[in-house]
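Participant: I'd like to ask you about the structure that follows.
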Amino acid sequence: MADLNTLPEGLPVPIDDGAGGRLLGKRVPALKLQATSGQSVDVSALPRTTVIYCYPLTGRPDLSLPHGWDEIPGARGCTPQSCAFRDHYQELRDLGVDVYGLSTQTMEYQREVVERLRLPYALLSDAGMILVRALELPTFEVGAMTLLKRLTWIIAGGVIVKVFYPVFPPDKNAGEVIAWLRHP
């Protein structure tokens, strides 16, 4: 089994294909997603500035990662990214910011991740890919799965005001977000 908590050396670096830049300034559509908190969240109506980090697939200790996962640029690192946002959660809250993780994984899968990693924030499931399609978020295919490419956006007043894309290395993303929030 792979060590999910650390990033192996030599991972391929994702390239900027422009998919993140076209999101800047977009209004988030009024869509509700299920959250691991048990709530339904309308991402267009979030009352505070919000960070949404999109990730492809969080590995589980009891399951193997998809074949060739470490060779896919930007795929590996969902657990370190999630843990970095967990570890910086209070700092983000002190800056007046809410945090959500977003993937196309099912709610059941995500609940296990929240519990195992002790995440203090909710994960959003877009297993039906309604937000992915509405915003034309960048994706890639692995086997029979369509997964999000790793990107992070900051929403204020229902509008995407900052996009981090591509995100690499993923374990440094929370620090990059905090630096931008302090000096936009």
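Where a number appears in this text, it was derived from the coordinates with a stated rule and is not lab data. Nothing here was measured: the structure is a model prediction, and the numbers come from that model. Note that we place each Cβ from the backbone using ideal geometry, even for glycine, and neighbour counts take in every protein chain shown.
Participant: Ignoring GluC sites (Glu not before Pro) that are buried or in helix or strand per DSSP, and keeping those with at most 14 other beta carbon atoms within 10 Å, what is the longest stretch of the chain between them? Write out the running numbers ahead of the final one.
Facilitator: On the way: sites that count: Glu9, Glu136.
Answer from the scan: 10-135.
Participant: If I stretch the segment between Ala156 and Thr106 completely, what's the gain in nm (0.36 nm per residue apart, minus their alpha carbon distance), one decimal?
Facilitator: Numbers: separation 50, 0.36 × 50 = 18.00 nm, distance 2.65 nm.
Full extension from Ala156 to Thr106 adds 15.3 nm.
Participant: Here's something else I'd like to know. One quarter of the convex hull surface, Cα atoms only: what value does that give for the chain in nm²? Please list the in-between numbers first.
Facilitator: On the way: hull surface 38.6 nm².
One quarter of the hull surface, i.e. the mean projection, equals 9.6 nm².
Participant: While we're here: In degrees, nearest 10, range 0 to 90: what is the angle between the Cα axis of helix 173-182 and the longest Cα principal axis of the chain?
Facilitator: 20 degrees
Participant: Report, in degrees rounded to the nearest 10, the 0 to 90 angle that the Cα long axis of helix 107-117 makes with the longest principal axis of the chain.
Facilitator: Helix 107-117 sits at roughly 80 degrees to that axis.
Participant: Here's a follow-up. To check you understand DSSP bridge types, tell me what percent of the beta bridges within the chain (both residues inside) are antiparallel, rounded to 5.
Facilitator: Details: 20 of 29 bridges.
Antiparallel: roughly 70 percent of the beta bridges in the chain.
Participant: Sticking with this one: Between His67 and Glu141, how many nm apart are label points set 7 Å from Cα along the C-beta direction?
Facilitator: 1.6 nm
Participant: I would also like to ask the following. Restricting everything to alpha-carbon atoms, can you work out Rg to Rh for segment 30-120 with a Kirkwood hydrodynamic radius? Intermediate values should be presented prior to the final figure.
Facilitator: Numbers: Rg = 13.9 Å, Rh = 14.3 Å.
We get a ratio of 0.97 for segment 30-120.
Participant: Continuing with this model, one more query. With an 8 Å Cα cut-off and a minimum separation of 6 or more residues, compute the relative contact order for the chain in percent.
Facilitator: Details: 345 pairs, mean separation 60.9, N = 184.
In percent, rounded to a whole number, it is 33.
Participant: Among the trypsin sites (Lys or Arg not before Pro) in segment 40-118, which ones are in a DSSP loop with at most 11 other Cβ atoms within 10 Å of the Cβ? Mind listing them? Please list the in-between numbers first.
Facilitator: Working: sites: Arg48, Arg76, Arg86, Arg93, Arg111, Arg116, Arg118; in loops: Arg48, Arg76, Arg118.
Sparse-neighbourhood loop trypsin sites (Lys or Arg not before Pro): Arg48, Arg118.
Participant: Here is a further query. Size of the dipole of the chain about the Cα centre, Lys and Arg at +1 and Asp and Glu at -1 on the beta carbon, nothing else charged, in debye to 20? Each step should come with its number before you reach the end.
Facilitator: Values: 18 positive and 20 negative charges, 126 e Å.
The calculated dipole for the chain is roughly 600 debye.
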